[in-house]
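Since every read-out is calculated from the coordinates, none of them should be taken as a lab result. In this text the structure is predicted, and so the values were computed from the model without any measurement. Neighbour counts run over all protein chains shown; Cβ positions are idealised from the backbone, glycine included.
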Amino acid sequence: MTPNRLRQTALLIAGALLLIGGALGLRKLTAENDAARGSLIGRPAPEITLTDSNGQPQRLSQWRGQLLLVNFWATWCAPCVHEIPLLIDAQARWRERGFQVIGPALDDSAAAATYASQIAVNYPILLGDAQVSEAMKSLGDTLGALPYSVLIGRDGTIIATQHGEFSKEDLHALIERHLQ
Amino acid sequence: MHTGNRPLQPTVNVQRSRRQLIAGAGALILLANVAPLRAASPFGSPRSAGDLLPVEQALRVGPALWQSGVLTLHAEAAAGCYLYRERFVVERLDGGEALQGLQLPAGERYADENFGDVAIWRGAVVLSYAAATAPARIRVRFQGCAEGRVCYAPQLRELPVQPLETAAP
């Protein structure tokens with residue numbers, strides 16, 4: 001390799017490193033902007049207390065140590081109702097490995113409890129229209145839309161949030177990935 | 001000719017190396033940016049909030065105008081969204097007589113998974129109600145969905161009513 005070629009190669013490598021550094025810096029800034037915009041990803045889930053169908057207060061932190069899927073739903077929300085059988089199946093399939101679903105209902109309490117009983121929901125349904133609305137906001141909802149799901153890791157950190165239904169494939173892949 | 005071509009060979013190699021380096025740098029930059037983003041999207045396909053609108057933009061009501069005994073209210077569902085006709089309720093807040101629907105668009109018949117066979121409104125609609133006197137404010141209850149994606153929580157808005165001058169006969 002001639003000295004000229006060596007110099008050119010060194011310059012190109014230096015340029016490439018500068019570009020990579022710039023790109024990484026830009027990505028960091030973007031991530032910081034996301035955080036500034038209120039994304040809760042990577043942050044500890046806030047403590048939330050909601051009432052179950054027996055009238056007992058239930059704190060979110062009691063499920064610490066499990067992979068927790070908080071699925072906000074309502075009986076008046078067609079995509080929510082459509083999604084629930086998938087969540088029932090997931091709860092049965094992965095419960096023994098430390099996966100837990102909870103379903104706060106943004107709905108009339110009696111309507112939600114009756115519906116959950118009719119379709120044999122196998123995970124806790126939490127009730128209270130106004131309280132559930134507040135809980136949704138504190139867990140990152142900015143749309144006022146259902147279904148809204150929040151995945152919380154075993155350490156209590158928010159892993160991801162999603163508006164809209166899960167596909168079976170996405171949900172299964174997600175659970176498997178985070179149960180390992 | 002043969003000897004004349006020789007000096008070109010290193011130049012071609014340098015250009016090829018440069019191209020390879022640039023391609024390599026490009027791939028590294030791409031990896032640096034894409035890999036962490038994929039890791040941060042554990043739900044797989046990017047179906048989250050990105051292209052969904054907050055309820056304030058998806059379902060809009062207002063303005064409310066009154067003229068000659070008729071209250072006119074404008075409402076609009078953004079593209080891909082709809083309002084439930086039967087769940088659209090307007091009340092006056094000043095204790096005056098109840099509003100009577102004069103002209104409510106028939107809407108589109110829709111087989112709703114929850115509510116059965118219902119009527120929905122897409123796009124902009126104008127609703128007319130009978131009100132002998134101009135209400136100062138009205139309360140509007142409404143509900144709607146982004147089709148096949150999400151449904152918005154029932155909404156409650158209070159709006160001022162703007163009385164318009166009645167044209168002289």
Check region A:59-80 and report whether any residue there is of a type outside the set (A, V, I, L, M), free of Cβ contacts under 8 Å to residues at least 60 places away in the same chain, assigned to a helix (DSSP H, G or I) and farther than 20 Å from B:G144 by Cα.
yes
Reported set for region B:59-102 where residues are of a type in the set (G, A, S) and touching a Leu at 6+ places or on another chain (Cβ under 6 Å) is B:G62, B:A64, B:A77, B:A78
Is it the case that some residue within region B:101-124 is within 20 Å of A:L146 (Cβ to Cβ), free of Cβ contacts under 8 Å to residues at least 40 places away in the same chain and of a type in the set (S, T, N, Q)?
yes
Quick check: anything in region B:114-121 in contact with a helix residue (DSSP H, G or I) (Cβ under 6 Å, 6 or more places away or on another chain), within 14 Å of chain A (Cβ to nearest Cβ) and either surrounded by 13 or more Cβ atoms within 10 Å (Cβ to Cβ) or under 21 Å from B:G62 (Cβ atoms) (or both)?
yes
Options B:E76, B:E165, B:E91, B:E158; residue that is more than 14 Å from chain A (Cβ to nearest Cβ) and part of a loop (DSSP other than H, G, I, E, B):
B:E165
Name the residues in region A:127-165 that are farther than 19 Å from A:L40 by Cβ and touching a helix residue (DSSP H, G or I) at 6+ places or on another chain (Cβ under 8 Å), would you?
A:L127, A:G128, A:D129, A:E165
Of the residues in region B:123-157, those that are within 20 Å of B:T72 (Cβ to Cβ) and among the hydroxyl-bearing types (S, T, Y) come to B:S128, B:Y129, B:T133
Could you grab me the full set of residues in region A:132-180 that are facing another protein chain (nearest Cβ under 9 Å), assigned to a helix (DSSP H, G or I), under 13 Å from the mean Cα position of the chain (by Cα) and of a type outside the set (D, E)?
A:M136, A:L171, A:L174, A:H178
Going by the structure shown, is A:W63 aromatic (F, W, Y), under 22 Å from A:D141 (Cβ atoms) and out of contact with any Asp or Glu (no Cβ under 9 Å at 6 or more places or on another chain)?
yes
Which one is nearest to A:H163 (Cα to Cα) among residues in region B:49-69 that are surrounded by 14 or more Cβ atoms within 10 Å (Cβ to Cβ) and away from every other protein chain (no Cβ under 12 Å)?
B:R60
Within region A:119-131, can you find the residues that are polar (S, T, N, Q) and part of a helix (DSSP H, G or I)?
A:Q131
